[in-house]
């Protein structure tokens, strides 16, 4: 068990006592927060190693534990160190990330005074730090804790601190400090972030992450960049999804006008985006009625969502969204005959992999590839034809709670369907077919409901040609990965 470090045993910055007190307060509070959340204590208490040796170890990048052992061998007057638990500082960043994340995530549940004190403590700790690794860990924890939140007031002293962190030698510190400034609504930081999104020379991962953070903060300026980003091949998919995050009156027109020229993945993203808001869905329905969007381009799970959103008007254009439970026995018999041993033996697993990629990979992994919304199929009972058919024909036949569909309507009109990945008193995290992690603050939720149905829609096999079904079954029954047909 880890005990909270005492002032006598801890000093891991410059020798000024005030800095040590700032760190100590943070470590104490973070340790208490982690323990309150039930996180296992993996780091024992600080050692009684002499202060000079601890400082020397930190400067040299050496773990305190190894230095303590050396001290035992070299200094006879410190043999008591052998029985004193010591901190292995290699684990400190992880502890700080977890602790700070919890502290920020739960701050909104505290009184205004307590929240201000908690965040001020972190700013004080950051300001006292001279180690980029520690700064980066604290900043990462703060970003994690504030994930999904909007309109967070900047703590006292943040402006001056962020100016200093922006010149850090550590890229991680600079990037994370800028991201926090965006969350705190700093106008200069927002302008810099918009410039980064538009900069084609910037690392593409940073551009995408910056765009997403801006949109999650409901930046209208970032939303207005989306049409131009649609012309950038490296940003087009993220621009499409961006229209779902921030309502944009011109979004449906932009997306539908470019639909025919885009690749299949981008077309699917447009369909999913236009089904995320009712005002968008109205225009998608009109495009379906005018046959600008082929009926076959609407995935079954999106059709189910649109049917619930638009009601009879959708079914009049699209047709009924079939419920297969009553026809289960008949359909099982149909596909058993279709996937007879002779047909499966003559099928092509490589073509089946391509079918899997198009139909299943958004939600399921197989051989380490694919989404993580539904169960990983790699270790499932795939050799059994009955298992494959039952779960494909009627995926809602027996749905574990972890895979039931959660539908959320946000206060600004966005609809998100997914499975629940995380939940606490301040936010929920959903895994969707489009995005592996969608964070929604509790106070942003207008309506939330849990369906008895699986995220996987009924009738998937009915959307395929006979040969595609047999090829898919052949691929699902493989025991190792195969080349994908082109």
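The values are calculated or read from the model by the stated rules, or taken from the named source; none is laboratory data. What you see is a predicted model, and the numbers here were worked out from it, not measured in a lab. Positions of Cβ are generated from backbone atoms using ideal geometry, with glycine treated the same way; all protein chains shown enter the neighbour counts.
Condition test on residue 471, is it surrounded by 18 or more Cβ atoms within 10 Å (Cβ to Cβ) and part of a helix (DSSP H, G or I)? So that I can check it myself, show each step before the final result.
Working: surrounded by 18 or more Cβ atoms within 10 Å (Cβ to Cβ): yes; part of a helix (DSSP H, G or I): yes.
Spelling it out, residue 471 is indeed surrounded by 18 or more Cβ atoms within 10 Å (Cβ to Cβ) and part of a helix (DSSP H, G or I).
Of the conditions (1) assigned to a helix (DSSP H, G or I); (2) touching a helix residue (DSSP H, G or I) at 6+ places or on another chain (Cβ under 8 Å); (3) over 20 Å from residue 437 (Cβ atoms), residue 156 fails just one. Which one is it? The number of the failed condition is (1). Considering 402, 325, the condition of being out of contact with any strand residue (DSSP E or B) (no Cβ under 6 Å at 6 or more places or on another chain), at pLDDT below 90 and under 30 Å from residue 280 (Cα atoms) is satisfied by 402 alone. Note on region 429-466: residues that are touching a helix residue (DSSP H, G or I) at 6+ places or on another chain (Cβ under 7 Å) and part of a strand (DSSP E or B) amount to 1.
For the structure I just gave you, tell me whether residue 269 is buried (at least 21 other Cβ atoms within 10 Å of the Cβ), at pLDDT below 95, out of contact with any strand residue (DSSP E or B) (no Cβ under 8 Å at 6 or more places or on another chain) and assigned to a helix (DSSP H, G or I). Break it down into steps so the answer makes sense when it comes.
Numbers: buried (at least 21 other Cβ atoms within 10 Å of the Cβ): yes; at pLDDT below 95: yes; out of contact with any strand residue (DSSP E or B) (no Cβ under 8 Å at 6 or more places or on another chain): yes; assigned to a helix (DSSP H, G or I): yes.
So residue 269 passes the test.
Please go through region 292-322 and pick out each residue that is in a loop (DSSP other than H, G, I, E, B) and closer than 25 Å to residue 242 by Cα. 292, 293, 294, 298, 299, listed by residue number. Against the test of being surrounded by fewer than 18 Cβ atoms within 10 Å (Cβ to Cβ), under 23 Å from residue 439 (Cβ atoms) and within 26 Å of the chain's Cα centre (by Cα), the options 372, 358 yield a single qualifying residue, 372. Filtering region 323-360 to residues that are assigned to a loop (DSSP other than H, G, I, E, B) and either without any contact (Cβ under 8 Å) to a residue 40 or more places away in the chain or out of contact with any helix residue (DSSP H, G or I) (no Cβ under 7 Å at 6 or more places or on another chain) (or both) leaves 323, 340, 346, 360. Taking the criterion of being touching a helix residue (DSSP H, G or I) at 6+ places or on another chain (Cβ under 7 Å) and in a loop (DSSP other than H, G, I, E, B), the only residue of region 361-374 that qualifies is 374. If only residues of region 172-204 that are exposed (fewer than 14 other Cβ atoms within 10 Å of the Cβ) and within 22 Å of the chain's Cα centre (by Cα) are counted, the one that is farthest from residue 218 (Cα to Cα) is 203.
Filtering 313, 336, 295 for residues that are surrounded by fewer than 17 Cβ atoms within 10 Å (Cβ to Cβ), over 26 Å from residue 388 (Cβ atoms), over 33 Å from the mean Cα position of the chain (by Cα) and at pLDDT 90 or above leaves a single hit, 313.
Within region 375-407, the set of residues being under 28 Å from residue 345 (Cβ atoms) and crowded, with 17+ Cβ neighbours inside 10 Å comprises 377, 382, 385, 388, 389, 390, 391, 392, 393, 394, 395.
Looking at residue 441, is it surrounded by 15 or more Cβ atoms within 10 Å (Cβ to Cβ), touching a residue at least 12 places away in the same chain (Cβ under 8 Å), under 29 Å from residue 265 (Cα atoms) and out of contact with any strand residue (DSSP E or B) (no Cβ under 8 Å at 6 or more places or on another chain)? Spell out how you get there, then give the answer.
Values: surrounded by 15 or more Cβ atoms within 10 Å (Cβ to Cβ): yes; touching a residue at least 12 places away in the same chain (Cβ under 8 Å): yes; under 29 Å from residue 265 (Cα atoms): yes; out of contact with any strand residue (DSSP E or B) (no Cβ under 8 Å at 6 or more places or on another chain): no.
The answer is no for residue 441.
Residues of region 386-414 that are in contact with a helix residue (DSSP H, G or I) (Cβ under 7 Å, 6 or more places away or on another chain) and over 17 Å from residue 457 (Cα atoms): 410, 411, 413, 414.
Which residue out of 287, 281 is more than 16 Å from residue 458 (Cα to Cα), within 26 Å of the chain's Cα centre (by Cα), modelled with pLDDT of 95 or more and part of a helix (DSSP H, G or I)? Working first, answer last.
Numbers: 287 fails: within 26 Å of the chain's Cα centre (by Cα).
So the residue among 287, 281 that is more than 16 Å from residue 458 (Cα to Cα), within 26 Å of the chain's Cα centre (by Cα), modelled with pLDDT of 95 or more and part of a helix (DSSP H, G or I) is 281.
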